[in-house]
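The values are calculated or read from the model by the stated rules, or taken from the named source; none is laboratory data. For clarity, every value in this text was computed on a predicted model and none was experimentally measured. In this analysis, Cβ positions are derived from the backbone assuming ideal geometry, glycine residues included, and neighbour counts consider all displayed protein chains.
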Amino acid sequence: MNARRCALAATFIAMACLLVSGSGCARLRQARRASSSGERRISSGGLVRTYSLHVPTSYSGSRPFPLVIAYHGHGGDGSGQERVGGMDATADANSFIVSYPDGLDKGWNDGRSGAVNSGVDDIGFTSDLIARIEKDYAIDARRVYATGLSNGGMMCYRVAMELGDKVAAIAPVAALLSQDLANRGALRVPVSVMVTEGTDDPLMPFNGGEVGLFLQARGTVISTADTISFWVKADGCTTTPAITHLADKDPADGTRVTFSDYTGGTNGTEVRLYTVEGGGHAWPGGVPYLGPRIIGQTSKDFVASQAIWDFFKSHKLAR
């Protein structure tokens with residue numbers, strides 16, 4: 001095992017430590033509660049699972065709100081994901097509810113073979129979570145979305161492949177499609193996808209390859225280009241994207257950002273790629289959970305949480 005891999009392993013152990021730190025009347029009662037919840041519990045697959053919820057003060061129960069599920073990275077938890085991404089503020093400004101589920105053993109069964117928690121039914125948990133929140137709150141069932149960082153982002157790909165009838169769009173950050181999921185082939189239902197990936201990500205190789213963590217191989221991912229090609233083909237989008245170069249708002253962060261937009265997919269689906277040149281294993285515009293020598297650069301040229309919502313709000317399930 002080379003020195004770089006050993007350093008990364010120690011780094012992500014440290015990261016884990018940092019990140020751990022129905023009826024209309026029923027819905028109206030929920031609206032009067034505090035906008036942010038503590039830990040909530042739900043029974044799923046014979047297990048007690050936990051999650052937290054952020055409900056904007058603009059929610060009254062009189063009209064349905066969109067729902068965003070935000071998955072944390074490996075070694076983290078839901079509260080850590082909120083701190084890194086700052087999605088609560090985006091939810092407040094744009095009137096949607098956001099849920100932060102907790103993975104068992106601080107990870108997600110994202111479909112990679114040999115995963116630590118490969119026996120856990122996280123797809124069933126996600127389905128049960130959506131059903132519970134739809135029971136407790138007025139949720140627009142056509143506007144349910146998923147985002148996540150790293151392992152949480154890889155979980156989003158699996159959600160798109162297996163719960164495309166419930167989730168209209170996904171937005172993985174610092175996460176590429178695993179070779180295992182890529183081998184599955186066609187989707188059940190077209191799903192819009194927005195990928196954000198840094199070219200200098202030390203954990204999730206931009207050009208594909210082995211994902212390393214804790215001195216062990218964690219499966220392989222296909223390249224960023226192949227990840228996008230997979231979804232463009234699956235959704236039936238145009239193969240030539242519209243390309244936009246974002247302004248370099250913070251030259252000191254060492255990054256430049258380009259996004260490529262592939263439109264015209266089945267049922268209005270779309271695939272978008274934010275390429276963060278010089279970016280690391282980070283949530284752009286978010287809080288760096290470790291220093292740049294460890295996870296690479298965090299871009300300040302755009303706020304990923306707002307860009308994700310701007311993408312989500314353009315898509316809903318076709319019914």
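Side notes on the structure shown:
- Scanning the stretch 36-51 turns up no residue that is modelled with pLDDT of 95 or more, buried (at least 18 other Cβ atoms within 10 Å of the Cβ) and not in a strand (DSSP E or B).
- Subset of the stretch 248-263 (residues that are of a type outside the set (Asp, Glu), in a loop (DSSP other than H, G, I, E, B) and over 23 Å from the mean Cα position of the chain (by Cα)): LYS249, GLY254
- One residue stands out among those in the stretch 92-110 that are among the small types (Gly, Ala, Ser) and under 15 Å from the mean Cα position of the chain (by Cα): the one that is surrounded by the most Cβ atoms within 10 Å (Cβ to Cβ), which is GLY103.
- The stretch 264-308, residues that are in contact with a Cys (Cβ under 6 Å, 6 or more places away or on another chain) and either assigned to a loop (DSSP other than H, G, I, E, B) or modelled with pLDDT under 95 (or both): GLY264, GLY265
- Condition met for LEU187 (of a type in the set (A, V, I, L, M, F, W, C) and surrounded by fewer than 21 Cβ atoms within 10 Å (Cβ to Cβ)): yes
- Listed by first and then second residue, the pairs linking a residue in the stretch 294-314 that is on the phi > 0 side of the Ramachandran plot to a residue that is modelled with pLDDT of 95 or more and among the aliphatic types (A, V, I, L, M), with Cβ atoms under 9 Å apart and 6 or more places separating them unless they lie on different chains, are GLY296/ALA282.
- Which numbered condition CYS237 fails, given (1) hydrophobic (A, V, I, L, M, F, W, C); (2) within 20 Å of GLY86 (Cα to Cα); (3) at pLDDT 95 or above: (2)
- When the residues of the stretch 116-147 are filtered to those that are closer than 20 Å to HIS315 by Cβ and among the basic types (Lys, Arg), the one that is farthest from the chain's Cα centre (by Cα) is ARG142.
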